[in-house]
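Written below as structure tokens is the structure these notes are about.
The values are calculated or read from the model by the stated rules, or taken from the named source; none is laboratory data. Bear in mind that the values here come from a model prediction, so they are computed numbers and not experimental data. Here Cβ is always computed from backbone atoms with ideal geometry, including for glycine, and neighbour counts include all displayed protein chains. Side chains are part of the model used for accessible areas, which takes the heavy atoms of the whole protein and leaves out ligands, DNA and RNA. Shrake-Rupley method; radii C 1.70, N 1.55, O 1.52, S 1.80 Å.
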Amino acid sequence: MATEDENPRHPDITAMLKGQTSACKAARDAIAGGGEVMLYDGQAPHWMVFGIAATRLRRSLKIGLTTLGLDETVEILRTRHRDEQLRTGNIVAADRSWFFTLYFDATGTELLACSGVKNERPSRRGGQKLQL
């Protein structure tokens, strides 16, 4: 796990996870449990980041994956931060059970939202399995 001391260019992610979405506490717990944090230096246009999040939500619901805060993230990105460049990052839980995506402003200093998808086999029955 990269910490602030090991990578001074990146802010303390744990401190930034304040409750933007319901996935923030679980993402903090994943970091505390030794999860791997990766922040991407590049910026992407809002429409691209929003599109990827919305597609991930639709696909996850369709195949029955457990998500956390993904619906909230899509709504945050839908209603705010239009015409802006955004940055992203990931947290992978130490046991690889959860994959979290972090969404930042262009400077990487403000966390806008976070979402999680449980690493599991898709449900054969399909349907929504949303964990809050």
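Points worth noting:
- Residue in region 76-96 that is modelled with pLDDT under 95 and touching a Lys or Arg at 6+ places or on another chain (Cβ under 7 Å) present: no
- The criterion of being in contact (Cβ under 8 Å) with a residue 60 or more places away in the chain and hydroxyl-bearing (Ser, Thr, Tyr) holds for Thr66.
- Extreme residue, farthest from Arg78 (Cα to Cα), among residues of region 26-66 that are of a type in the set (Phe, Trp, Tyr) and open to solvent by 50 Å² or more (accessible area, probe 1.4 Å): Tyr40
- Comparison of Arg96, Arg87, Arg58 shows that the only residue that is on the phi < 0 side of the Ramachandran plot and without any contact (Cβ under 8 Å) to a residue 40 or more places away in the chain is Arg58.
- Filtered by the rule that a residue be touching a residue at least 24 places away in the same chain (Cβ under 8 Å) and under 11 Å from Thr88 (Cβ atoms), region 39-55 gives Leu39, Tyr40, Asp41, Gly42, Gln43, Ala44, Val49, Ala53.
- Residue in region 4-15 that is under 11 Å from the mean Cα position of the chain (by Cα), within 24 Å of Gln85 (Cα to Cα) and at pLDDT below 95 present: no
- Close Cβ contacts (under 7 Å, 6 or more residues apart or on different chains) running from residues in region 1-24 that are closer than 24 Å to Glu75 by Cβ and open to solvent by less than 100 Å² (accessible area, probe 1.4 Å) to residues that are modelled with pLDDT under 85 and not in a helix (DSSP H, G or I) comprise Ser22/Leu132.
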